[in-house]
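Heads up, the thing below is written out as structure tokens.
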Amino acid sequence: MSPNKAGQARTRFRQPPATSIQPPISSKGQEALRQHLLFKQTEEAAMLTEESEEMLEEIRASVEGERERQQQKLREESDVKLKELRITLDEVQAAQRDKLEAQKRKDIERLKAELEEDLQAEKKRLQEEREDKQEFMIAIKTTFV
């Protein structure tokens, strides 16, 4: 490259592009720009805060919904277990009633048998007593006749 062309290349790069030339900003302009940027920043912060609050509300609603679903599930599971326990209790009570009824029938049969034995023994004793009295009466009659 020739020295002349190299100098031209350097000067080309040293000069800022035409679009980057901006007049200096006045202090009023700087204040207005600062106010505008502050407003935009505040507006953006407000928007982010609003979005954050909306997201937080969605999360709260989701958590509350999940908690309600879990509580409902627990209630349903508790109801099922309670029903199972009631059925088991009814079965146990029915088995105890059956056992008591069977024991009661057995006791009644045993008492009947004992009473029947006592009755037969009493009948036998009375019969023997009658026979003894008859023999005694016969003996008295034969002695006095």
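The table that follows gives values for the structure above.
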| read-out | value |
| --- | --- |
| ³J(HN,Hα) computed for each position of segment 48-59 - Karplus, 6.51 cos²θ - 1.76 cosθ + 1.60, integer Hz, glycine/proline x | 5, 4, 5, 5, 4, 5, 5, 5, 4, 5, 4, 5 |
| In Å, descending, principal axis extents of the Cα set of segment 34-80 | 67, 6, 5 |
| Candidate lysines for bridging to residue 124, where Cα separation is under 19 Å - those fewer than 8 sequence places away on the same chain excluded | 112, 133 |
| Where 87, 140 fall by accessible area, highest first, once all protein chains stay in place (1.4 Å) | 87, 140 |
| Label-point gap, in nm, between residue 56 and residue 35 - each point 7 angstrom along Cα→Cβ | 3.2 nm |
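The values are calculated or read from the model by the stated rules, or taken from the named source; none is laboratory data. Keep in mind that what you see is a predicted model, and the values were worked out from it rather than measured. Positions of Cβ are generated from backbone atoms using ideal geometry, with glycine treated the same way; all protein chains shown enter the neighbour counts. Just so you know, the surface numbers come from the protein's heavy atoms only, side chains and all, with ligands and any DNA or RNA stripped out. Shrake-Rupley method; radii C 1.70, N 1.55, O 1.52, S 1.80 Å.
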